[in-house]
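Read-outs throughout are calculated quantities, based only on the coordinates presented, and are distinct from any laboratory measurement. Computed from a predicted structure; not experimentally measured. Cβ sites come from the backbone with ideal geometry, for glycine too, and all protein chains shown count toward neighbours.
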Amino acid sequence: MTLRERFTQEVKDAMRAGDKRKLGTVRMIQAAIKDKDIEARGANRGAATDEEILALLQKMIKQRQESAHVYAENKRDELAAQEREEAEIIQGFLPKQLDEAETRAAIEAAIAETGAASMKDMGKVIGVLRGKYAGQMDFARASALVKDMLPKG
């Protein structure tokens, strides 16, 4: 089942169950994917790939986490809880996230694969990681680890 088919099925399941939060969240995901598809057509590409959709989902989770933090700081607990619930629902569509050790091992393999010898090669390493681990790792954290693991120079 593709991600798109899974979203369609989740909408149906949420409607049957009367789960308004999940229904709204999945519809929001579908709308974001449609926007991504329109953007891709404008650039003369096909529909958004699964890797692009996974990256979009990660971005949506990060947005909700940031919003929840802002709401919590401003004593808007009900809105913060709503954002956290949405982030949790979206997280459910992502593959299992790599832990610290798995991320380090993936970075070491990518460094070896690209022959990266310095910080100048960081882009190559991140490119390999994005290709192989879309949706499975936090690339902001991975970038910091790559910086630490590459020889300085």
(message) Students often get this wrong, so try it: which of (i) 24; (ii) 35; (iii) 46 is percent of Cα pairs over 24 Å apart as calculated from the structure shown?
(response) (iii)
(request) Report, in degrees rounded to the nearest 10, the 0 to 90 angle that the Cα long axis of helix 77-91 makes with the longest principal axis of the chain. (result) 60
(request) Please give every one of the aspartates and glutamates within straight-line cross-link reach of LYS152, meaning a C-alpha to C-alpha distance under 15 Å, and leave out same-chain neighbours fewer than 8 residues apart. (result) ASP121
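Assuming 0.36 nm per residue, please report the length gained on full extension of the stretch GLU39 to ARG27 beyond their Cα-Cα distance. Don't skip to the end; give the middle numbers.
Numbers: separation 12, 0.36 × 12 = 4.32 nm, distance 1.84 nm.
Length gained between GLU39 and ARG27: 2.5 nm.
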(request) Under 27 Å Cα to Cα from LYS96, which lysines show up? Leave out anything in the same chain fewer than 8 places away. (result) LYS12, LYS20, LYS22, LYS34, LYS36, LYS59, LYS62, LYS124, LYS132, LYS147
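Sum -39500 (n - 2.57) across every DSSP H segment of at least 4 residues in the chain, then divide by the residue count to get the 222 nm mean residue ellipticity, nearest 500.
Working: 7 runs with 115 residues, N = 153.
So the helix-based figure for the chain works out to -25000 deg cm²/dmol.
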(request) Please determine, in degrees from 0 to 90 and to the nearest 10, the orientation of helix 122-133 with respect to the longest principal axis defined by the Cα atoms of the chain, where the helix direction is its Cα long axis. (result) 50
(request) Convert each backbone phi in the stretch 97-107 into a coupling constant with the Karplus relation 6.51 cos²θ - 1.76 cosθ + 1.60 (shift: θ = phi - 60°), then list the ³J(HN,Hα) values in order as whole Hz, x for Gly and Pro. (result) 7, 6, 7, 4, 5, 5, 5, 4, 5, 5, 5
(message) Please give the charge dipole size of the chain, origin at the Cα centre, charges +1 on K and R Cβ atoms and -1 on D and E Cβ atoms. Round to the nearest 20 debye.
(response) 360
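Using DSSP to define loop residues, name the trypsin sites (Lys or Arg not before Pro) in the stretch 92-122 whose beta-carbon has at most 12 other beta-carbon atoms within 10 Å.
Qualifying residues, ordered by number: LYS96.
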(request) Measure nothing but the geometry: give the 0 to 90° angle between the long axis through the Cα atoms of 139-149 and the longest principal axis through the Cα atoms of the chain, rounded to 10°. (result) 20
